[in-house]
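The values are calculated or read from the model by the stated rules, or taken from the named source; none is laboratory data. Remember, it's a predicted structure, so these values are computed and weren't measured experimentally. Here Cβ is always computed from backbone atoms with ideal geometry, including for glycine, and neighbour counts include all displayed protein chains.
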């Protein structure tokens, strides 16, 4: 039996992790067949939805173990087959993710450390990351 999938977008602060994850969320919400189960949107997002018979949890939170850990636990308890979250490169958020390694196959995706002060260029960099994340999610959906 295949394990469920946890995708952790990691990188230093202010490199575009949150914006890339929000782009993934926005692309999914516009997809036919998506059913929102639970949603909380403030500065960060935390949502659970179903798509193609899979339950997917997405949170853009990943800077703080105390904020990330309860969201990951909620996704686990809700039976999410796929989880997408942000993470720092080391420390507490990584520890929170590793706690789920017996139940989830963890896929670490590195966010480019390149940051552009040119807004349009940064949007393109974040879209590139979002497209990579979407490919990883679609692969997990198809297994």
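Descriptive notes on the structure:
- In the set (1) under 24 Å from residue 128 (Cα atoms); (2) in contact (Cβ under 8 Å) with a residue 24 or more places away in the chain, the condition left unmet by residue 76 is number (1).
- All conditions but one from (1) at pLDDT 95 or above; (2) part of a helix (DSSP H, G or I); (3) crowded, with 19+ Cβ neighbours inside 10 Å apply to residue 136; the one that does not is (3).
- In the stretch 94-118, residue nearest to residue 140 (Cα to Cα) [restricted to those that are without any contact (Cβ under 8 Å) to a residue 60 or more places away in the chain and in a helix (DSSP H, G or I)]: 98
- Any hit, the stretch 56-68, residues being surrounded by fewer than 22 Cβ atoms within 10 Å (Cβ to Cβ) and at pLDDT 95 or above: no
- Just one residue in the set 105, 78, 73, 40 is under 24 Å from residue 13 (Cβ atoms) and either surrounded by 21 or more Cβ atoms within 10 Å (Cβ to Cβ) or modelled with pLDDT of 95 or more (or both); that residue is 73.
- Looking across the stretch 34-61, just one residue is in contact (Cβ under 8 Å) with a residue 40 or more places away in the chain and closer than 13 Å to residue 22 by Cα, and that is 60.
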